[in-house]
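What follows is a set of notes on a single structure, which appears directly below.
Please treat every number below as a calculation from the coordinates, not as lab data. Here the structure is a predicted model, which means the values were calculated and not measured. Here the Cβ is made from the backbone with ideal geometry for all residues, glycine too, and neighbour counts use every protein chain on show.
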Amino acid sequence: MKFEDVKTIGCLGGGVMGGGIAQVFAVAGYEVVVRDIDEAAIARTRHAIEDGKWGVKRAVERGKLAFDDALAAMARIRYTTELAPLADCDVIIEAIPENLELKQKVFAELDEVIDPDAIFASNTSGFCIQELARDVSAGRKERFLGMHFSNPVSVMRMCEVVWTPQNSPEVIETARRLAEAAGKEVSLVRDTPGTYGFILNRVFAAAAREARAIVEAGIATREDVDRAMITGRNWPSGFFGGRGGIGKEW
Ligand SMILES: NC(=O)c1ccc[n+]([C@@H]2O[C@H](COP(=O)([O-])OP(=O)(O)OC[C@H]3O[C@@H](n4cnc5c(N)ncnc54)[C@H](O)[C@@H]3O)[C@@H](O)[C@H]2O)c1
């Protein structure tokens, strides 16, 4: 699948990440199909994309998106609880919960019904891509990689494209250019069995381990560790929900 041939993106899962991914591709001019499991989930997805804090209407208010472009983007997104509307998508980006067995099962089901030429991409935070692709056909393995966006997708600029030895160069290039078309910077990452996380989460986890070790050894308090990183390194948040933090302890 060449980049130029991609017209329709399927988003599997319309939660925090799937909704954001649907939004950025719709804004970029792609037709988008979002599939979630029930009507309540679909209603939440639509609300987040249209009226949410990081949605298109707020982007218009903040001067980031023209009004007409927001309307056009909303009109490009179809919502469904069925698998069938995904069948003709050129690229499927999976953003269902971070559960290896669930993802493997769903990818195997999708492999049966989706156009054999379509690319499968997982937004997993860190599972080995080759493990996720375990039960799909050999042909699909060539077109199966990771596209790891950051939250909130409409704001954060990174997409880690995680490639496997089975991928063709064309597929890696298509994923890279797609992420760029959605306004993202791309870092390429080699899929590595036996590890969890790509660049972002591995580096962050290492720093978080060190922060906890400093606190546990009584070297500094949680507040002092957060203050040091926020004011000394300009990190937007600390590890312990400190000032400017996201209220989450790592
Ligand atoms: N939240 C983050 O900050 C973040 C950042 C990067 C990557 N990720 C990864 O993205 C993925 C999704 O995370 P999230 O935070 O969006 O989760 P979420 O819980 O907000 O959304 C998951 C959605 O998937 C739906 N779902 C479950 N089974 C499904 C199926 N079979 N078909 C279609 N939809 C299904 C759920 O109903 C839910 O709406 C995970 O792999 C996560 O590790 C999350």
Open item on the list: Below 10 angstrom from the Cβ of Cys89, what's the summed charge of the other residues (Lys, Arg +1; Asp, Glu -1)?
Closed with: -2
Open item on the list: Tell me the net charge near Asn99. Cut-off is 15 Å between Cβ atoms, Asn99 excluded, with +1 for each Lys or Arg and -1 for each Asp or Glu.
Closed with: -3
TODO: Would you mind listing how long the stretch 104-250 runs along its three principal axes, going by Cα atoms, in whole Å with the largest first?
DONE: 55, 30, 23
Task: the chain - percent relative contact order, Cα under 8 Å, separation 6 or more - done: 16
TODO: With a cut-off of 15 Å, note down the residues of the stretch 185-204 whose backbone N falls inside the zone around a label point 7 Å from the Cα of Phe3 toward its beta carbon.
DONE: 185-188
Open item on the list: Check which residues have an amide H placed less than 5 Å from Arg78's amide H, if you skip close sequence neighbours.
Closed with: Val32, Val33, Val34
Task: Whole-Hz ³J(HN,Hα) from phi, Karplus 6.51 cos²θ - 1.76 cosθ + 1.60, for the stretch 62-69, glycine and proline x - done: 7, x, 8, 8, 6, 4, 5, 5
- [ ] Any chance you could give the angle, 0 to 90 degrees and rounded to 10, that helix 100-113 forms with the longest Cα principal axis of the chain?
- [x] 20
Open item on the list: Counting only other residues whose beta carbon sits under 10 Å from that of Phe198, what net charge do I get with K and R as +1, D and E as -1?
Closed with: 0
Task: Over the stretch 89-188, volume per residue of the alpha carbon convex hull, in Å³ - done: 90
Task: For the chain: Kirkwood Rh in Å [reciprocal of mean 1/r, alpha carbons] - done: 19.0
Task: For the stretch 9-23, Karplus couplings with θ = phi - 60° (6.51, -1.76, 1.60), whole Hz, Gly/Pro x - done: 10, x, 10, 9, x, x, x, 3, 8, x, x, x, 5, 4, 4
Open item on the list: Within the chain, how many Lys pairs that are eight or more residues apart, or on different chains, come under 19 Å at the alpha-carbon?
Closed with: 8
Open item on the list: What are the ³J(HN,Hα) couplings of the stretch 29-45, residue after residue, when phi is run through the Karplus curve with 6.51, -1.76, 1.60 and θ = phi - 60°? Round to Hz, x for glycine and proline.
Closed with: x, 8, 6, 10, 10, 10, 10, 10, 8, 8, 5, 5, 5, 4, 5, 5, 4
Open item on the list: Under 5 Å between amide hydrogens, which residues at least 5 positions from Ser150 or on another chain qualify, with H placed 1.01 Å from N in the peptide plane?
Closed with: Met158
TODO: Sort Asp117, Asp111, Asp38, Asp69 so the one with the fewest other Cβ atoms within 10 Å of its own Cβ comes first.
DONE: Asp38, Asp117, Asp69, Asp111
Task: Dipole magnitude of the stretch 3-190 about its Cα centre (Cβ charges: Lys, Arg +1; Asp, Glu -1), debye to nearest 20 - done: 700
Open item on the list: What does DSSP give for the chain in terms of the percent of beta bridges that are antiparallel, rounded to the nearest 5?
Closed with: 15
